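Some notes on the structure that comes next.
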Amino acid sequence: MLLQQNKIQFSEYSSLYDLIVPKENLLRKINDLIDFSFVYDELINKYCHNNGRTAESPIRMFKYLLLKTIYNISDVDVVERSRFDMSFKYFLDMTPEGEVINPSSLTKFRKLRLKDTDLLNLLISKTVSIAIAKGVIRSKSIIVDATHTLSRSNPFSTIEVLRERSKQLRKTVYMYDEDWKERMPKKNIDNDLEKELAYCKELERIIKKEQSISSIPAVQEKLNILKETIEDTQENITLSKDEDAKIGHKSAESSFFGYKTHLAMTEERIITAAVVTSGEKGDGPKLPELLVISQENGIDVDTIIGDAAYSGKENIKLTGEQNIKIVAKLNPSITQGFRKDEDKFDYNKDADMFVCPAGHMAIRKARQGQKNVATNQVDTYYFDVEKCKTCSLRNGCYKEGAKSKTYSVSIKSDLHKEQIAFQETEYFKEMAKHRYKIEAKNGELKNVHGYGRAISYGINNMQMQSAMAIFAVNLKRIIKLSV
């Protein structure tokens, strides 16, 4: 049952906030910047209004998740810190003496209240509208790029993840008391998941039992992370891989297993659109969607800045129809003529290769046709035919008995010739200098807010993680530019 709980709570100790939480505090600034009642309005229909126990305020639950993202900590630690950190209590609209929630409530909130909610677009739209109202966004260009996030189950096996977590816990304990080296349980040396789980549980039990060491915040943090990993492993013990994640390629030699987040951002570094996909998806085909979302969020776009992945013929044609300039250097291999969508392969700019719809990358390429006569030249990409023979998508793609599988693209079109001329202009060269900004934003998401690795399984959870991380960086950026 949900009551109207987003009312101010009064306490004789509330004046402490004015003394302890300074005006420069980030959480105070966020509270002053945004009215979080939109969360209540969005989720009100997810609650029963006349039956059951009284539910915790959805606004407060949302703020817990935001704190978790801003400070990159576990569910247990964000709740524990809320017991004593007055800035957290202030942000959560708690009275200084108020009780915190049970950490398990955050899991239920994510699964029951945020499920089937388009949180990603909702939060981006909200921050962009605030930025526009504050006069923060003045440019008419968006910068586009994609950043990858490793699946929770990759690149390590479940045993490797458990061993890394237990190792970090032991190292932290030894920092405070080296005598603990003699008290630790015997490590599991077998490649047996059940034995590794048993070891981790015993390690957790021994350290948790000793209050003198387990009460140290740094140790407690590593202990909580290990505990969450144990619980998650037990729930997903039959899963060897994240079912929604796919193998993507960072270069011709390196790959990753996980997801891609396709981003659009203004020159002021406010993210205006995001689309989360599995890791094998190409960057260029997501440009139209990023443009539409940015425009729907109120951005007047006259220029798009990106790398070679975004300079495909369809993108140049689309932007040309809207009189939008596309500042993206051409790669002669990205045009695919007039093939049907289902027949198109994705171009991977990092590897300079095409990837088939099944996610397999070409193993080599060759240029054919008369040199210096662009209309006659094509680039032909060769795929591993042994994979094609057993591929689930081989019908209509691979001819039974064929000794090779190739994919060819024309070198130039008239649209590309116009783009080549545009690349030589001073405007193109000047605007291209802004592209580094989105790479810095990707670094902030990964290094500060834990976006380098998924915190849970499945693309829905990845979208939720993306929503909270982008919401956090956008709010921080708006605050910085509003000073």
* To do: Would you kindly calculate the mean projected area, averaged across all directions, of the convex hull enclosing the Cα atoms of region 75-142, in square nanometres?
  => 6.8 nm²
* Surface/4 of the Cα convex hull for the chain, nm² -> 28.6 nm²
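Just from its helices, what would the mean residue ellipticity at 222 nm be for the chain, if runs of 4 or more DSSP H residues each count -39500 (n - 2.57) and the sum is divided by every residue, rounded to the nearest 500 deg cm²/dmol?
Details: 19 runs with 209 residues, N = 483.
Value at 222 nm, helices only, nearest 500: -13000 deg cm²/dmol.
What number comes out for the charge environment of TYR427, summing +1 per Lys or Arg and -1 per Asp or Glu over other residues with Cβ under 15 Å away? Mind showing how you got there, number by number?
Numbers: positive: LYS140, LYS325, LYS329, LYS429, LYS433, ARG435; negative: GLU267, ASP302, GLU418, GLU424, GLU426, GLU430.
That sum, taken over residues with Cβ under 15 Å, equals 0.
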* To do: At 7 Å along the Cα-to-beta-carbon direction for both LYS195 and SER214, put a label point, then send me their distance in nm to one decimal.
  => 2.6 nm
* Structure fact -> Computed from the beta carbon distance with a Förster radius of 45 Å, FRET efficiency for ALA358 and ILE20 to the nearest 0.05 stands at 0.20
* Cβ-based net charge around GLU289, under 12 Å, with every Lys or Arg adding one and every Asp or Glu removing one -> 0
* For an R0 of 30 angstrom, estimate the FRET efficiency from the Cβ-Cβ distance between LYS115 and VAL292 and round to the nearest 0.05. => 0.75
* Asked: Using θ = phi - 60° and the Karplus form 6.51 cos²θ - 1.76 cosθ + 1.60, what ³J(HN,Hα) does each residue of region 256-264 get, whole Hz, x for Gly and Pro?
  -> 9, 10, x, 10, 10, 10, 8, 10, 10
* Rounded if a/c is under 1.5, else prolate if a/b is larger than b/c, else oblate: which is region 350-483, with a ≥ b ≥ c the root eigenvalues of its Cα gyration tensor? -> oblate
* To do: Would you mind computing, in nm to one decimal, how far apart the modelled labels at LYS167 and ARG435 are, each placed 7 Å from Cα along Cα→Cβ?
  => 3.7 nm
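Sorted by average packing, counted as other Cβ atoms within 10 angstrom per residue and highest first, what order do 67-76, 211-220 take? Display every interim value, and only then the final one.
Numbers: 67-76: 20.5, 211-220: 13.7.
Ranking, from highest mean packing down: 67-76, 211-220.
Between GLU386 and LYS46, what's the calculated FRET efficiency when r is the beta-carbon distance and R0 is 51 Å? Round to 0.05. Write down the numbers at each step before the final one.
Working: r = 49 Å, r/R0 = 0.97.
Efficiency, rounded to the nearest 0.05: 0.55.
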* Asked: How far apart, in nm, are the 7 Å Cα→Cβ label points at ILE132 and ASN447?
  -> 3.2 nm
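Each reported figure results from applying straightforward, stated rules to the coordinates on display, with no laboratory input. These numbers come from a predicted model, not from an experiment. Cβ sites come from the backbone with ideal geometry, for glycine too, and all protein chains shown count toward neighbours.
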